[in-house]
1. What length, rounded to one decimal in nm, is gained on full extension from residue 8 through to residue 23, with 0.36 nm per residue of separation minus their alpha-carbon distance?
2. Percent relative contact order of the chain, based on C-alpha pairs within less than 8 angstrom and at least six residues apart?
3. Collect residues whose amide H, placed 1.01 Å from N in the peptide plane, falls under 5 Å from the amide H of residue 74; neighbours closer than 5 in sequence don't count.
4. Tell me the label-point distance for the pair residue 70, residue 30, using the 7 Å Cα-to-Cβ offset, in nm and rounded to one decimal.
5. Roughly to the nearest percent, how much of the accessible area of the chain is carbon and sulfur, given a 1.4 Å probe?
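The values are calculated or read from the model by the stated rules, or taken from the named source; none is laboratory data. Just so you know, these numbers come straight off a predicted model, no measurement behind them. Cβ: placed from backbone, ideal geometry, glycine included. Neighbour counts: every protein chain shown. Note: accessible area is taken over every heavy atom of the protein model, side chains too, but ligands, DNA and RNA are not part of it. Shrake-Rupley method; radii C 1.70, N 1.55, O 1.52, S 1.80 Å.
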Amino acid sequence: MVNYYRYDNDVQAQVDDLPAHRKTGRICYALMDFNQAIILPDSICVKTCSRPADEAWHGSVMYKPWDITLGEPTYNPFAYDVGMLGNLFRTYFTVSL
C-alpha cells in the first residue's frame, strides 16, 4: 500500500501522480495482509514449509495465485505470498504500452 489516494479513482492519473509523490520524500509503503495471517515458529524453514492446502482458501481472493486449485494436498505459505505479491504488482505496477 502507498500513502496516496485519489477521489476520482482515475488509474492513469494515479500512475502519472505517483512519481511526483515519491520525490516529496513523504511516501510510505506498507504490505497488506489479505485477511489471513498464520504465526509459525521461528524454526520453520521458508523453503520447506508445508501447510494444508485448504488454509490457502481462507481470506480474500484478491491476487491469489490459483496453484491450490490443482489438487495439491499441501502448499508453502511463503511461496504463496510471493505469488500473491507478484499478482498485486502485475495488477498495479505494470505499464501498458
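1. Additional length available on full extension: 3.2 nm.
2. Contact order relative to length: 24 percent.
3. 53
4. The modelled label-to-label distance comes out at 3.4 nm.
5. Result for the chain: 59 percent of the exposed heavy-atom area is carbon or sulfur.
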